[in-house]
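To start, the structure under review is shown below, and the notes come after it.
The values are calculated or read from the model by the stated rules, or taken from the named source; none is laboratory data. If you're wondering where the values come from, they're calculated on a predicted model, not measured in any experiment. In this analysis, Cβ positions are derived from the backbone assuming ideal geometry, glycine residues included, and neighbour counts consider all displayed protein chains. Protein only, heavy atoms only, side chains kept; ligands, DNA and RNA dropped before computing areas. Shrake-Rupley method; radii C 1.70, N 1.55, O 1.52, S 1.80 Å.
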Amino acid sequence: ASANIGVVGLAVMGSNLARNLASREGNTVAIFNRSYEKTETLVSEHPEAGFIPAKTYQEFADSLQKPRTAIIMVKAGRPTDAVIDALVEVFEPGDIIVDGGNAYFPDTIRREKAVRETGINFVGAGISGGEEGALTGPSIMPGGSDESWITLGPILKSIAAVAEGEPCVTHVGHDGAGHFVKMVHNGIEYADMQLIAEAYDLIRRGTGKSPAEIAEIFAEWNKGELESYLIEITAEVLRQVDAETGKPLVDVILDQAGAKGTGAWTVQTALSLGVPVSGIAEATFARSLSSHPEQREVAGSLPGPDDAFTVADEAAFIEDVRLALYASKIVAYSQGFDEIRAGAAEYGWNIDLGAISKIWRGGCIIRAQFLNRIADAYAAEPGLPVLLTAPYFTEAITRAQAPWRRVVVAAAQAGIPAPAFSSSLSYYDGIRADRLPAALVQGQRDFFGAHTYKRIDKPGTFHTQWSGDRTEIEAEDTH
Ligand code: NBP
């Protein structure tokens, strides 16, 4: 046994992660793939890595030092279960199996429980940053036991991205906590991307600027408070010219956005936790809406506003859009962290929200300057109930709110869809409202279903006898 770490699954993510591991001081990497050709190819293409190839799971286990540590990078779902079952056969109590794939966190909770019964540790670790991140340094979100973190921590720290001198990995919490946080990361990513897309659409339709000109605007924005990987790559995409047609690439790409499911998981989970992640939900639905050409075709004849969309002061409008984007982005992150907070409470995870914002500063798709401000906010007040009430964000929204409203109004009047901008603004106005029409909803619920209500002026639960003499009685709390 001479390897301190192993990788199972050598498609693009696994090979890159294995190469990343091998490139770090002190690591010797054992590798295994179901079909051996991939293993052979990786060994022959990367002799510098000093991989120890295994043909069978038994050979793989024999090549690992104890406690054995192996990272699985295979297709999420059944393939992951198949590999776990195989590893459990050849591993021993105290060994560590890490699932680095994009597992749905309830699967991770189930797997952790089952594997723990054998005495083997199971760690679900979210790994963000795609192929490039896996090779050069991803952001890693591991769950699992404290015991496994002792062995795993130094290994993961050795391969993670580094942001401001700190590795982008932390022990998120037990069992499924890591995959939960990775899921929410992806949900925030959906919102961030949709917001940027709405900003581009509004500027283009409001000013008539070309994609290349708008690329310059994004490149400029990337020097300020919006600095982030997504803004940076947006400029790159907008600048790209299609070789075949000579048109901007963005005009040649079919306008139907795909999704692999993590955005939907984020929203489904938020619904069951009762957390309003409306920006993330709208971003997810915007992709769904785009992907129904048969509906868009028939709906294309529906009327829009009569007046053409014109912007009087282009520079002022662009600045308004920038601020609307910033404010909406703050809302999306605030909602995402709210979901993590609620998930932690529901599943009993002790998650340090500030530490999460720090490990997203490098290696992952939503990496951004802005995450430092989130870290500051949680450092100042770890129990902060609503992120956007932290002083820094309150100041930013105070600055942005009038432009934000102007942009949402302009979009509505021009007939330009801005679902993430407008739902974020509605969330903002809802969460800060003194009174909400929820009181009326409670009245309606009591009317048709005797669901009862509480009063603002005395304790207890009440019901109005709507079908009788409409007097109020004290009732049992039935919600
Ligand atoms: P894939 O998701 O395409 O999976 C291919 C790998 O799974 C191959 O090694 C394949 O072995 C193995 N595999 C399958 Br399929 N069924 C198996 C089974 N029953 N037993 C053993 N191995 C099996 O690979 P990927 O794109 O590298 O992604 C790996 C994981 O990382 C996924 O969970 C993915 O969601 C996650 N992830 C991907 C990205 C990305 O940018 N691609 C980013 C972040 C996370 P074979 O060679 O024998 O067919």
Note to self: Exactly one condition in (1) open to solvent by 10 Å² or more (accessible area, probe 1.4 Å); (2) of a type outside the set (D, E, K, R); (3) within 16 Å of the ligand (Cβ to nearest atom); (4) closer than 29 Å to Ala345 by Cα is false for Cys168; which is it?
What the structure shows: (1)
Checklist line | Selected residue (criterion: surrounded by the most Cβ atoms within 10 Å (Cβ to Cβ)) from residues of region 60-97 that are within 15 Å of the ligand (Cβ to nearest atom) and acidic (Asp, Glu) | finding: Asp81
Check: Listed residues Asp255, Asp313, Asp251; which is open to solvent by 20 Å² or more (accessible area, probe 1.4 Å), touching a Ser or Thr at 6+ places or on another chain (Cβ under 7 Å) and modelled with pLDDT of 95 or more?
Finding: Asp255
Note to self: With the requirement that a residue be farther than 12 Å from Val74 by Cβ and near the ligand (Cβ under 10 Å from one of its atoms), what does region 18-44 give you?
What the structure shows: Tyr36, Glu37, Thr39
Item checked: Single residue of region 98-142 satisfying the filter (open to solvent by 10 Å² or more (accessible area, probe 1.4 Å) and hydroxyl-bearing (Ser, Thr, Tyr)) that is farthest from Tyr229 (Cα to Cα) -> Thr118
Margin query: Looking only at region 264-288, count every residue that is in a helix (DSSP H, G or I), in contact (Cβ under 8 Å) with a residue 60 or more places away in the chain and over 13 Å from Ala191 (Cβ atoms) and tell me the total.
Written below: 3
Notebook entry, point to check: Given the structure, is Lys182 of a type in the set (Lys, Arg) and open to solvent by 30 Å² or more (accessible area, probe 1.4 Å)?
Noted result: no
Check: In region 336-346, is there at least one residue being of a type in the set (Gly, Ala, Ser), farther than 18 Å from Thr269 by Cα, modelled with pLDDT of 95 or more and out of contact with any Asp or Glu (no Cβ under 9 Å at 6 or more places or on another chain)?
Finding: no
Item checked: Subset of region 1-17 (residues that are within 15 Å of the ligand (Cβ to nearest atom) and open to solvent by 60 Å² or more (accessible area, probe 1.4 Å)) -> Val12
Note to self: Is it the case, given these coordinates, that Val331 is crowded, with 17+ Cβ neighbours inside 10 Å, assigned to a loop (DSSP other than H, G, I, E, B) and within 28 Å of the chain's Cα centre (by Cα)?
What the structure shows: no
Check: Can you find even one residue in region 416-435 that is part of a helix (DSSP H, G or I), within 30 Å of Ile196 (Cα to Cα), at pLDDT 95 or above and open to solvent by 70 Å² or more (accessible area, probe 1.4 Å)?
Finding: yes
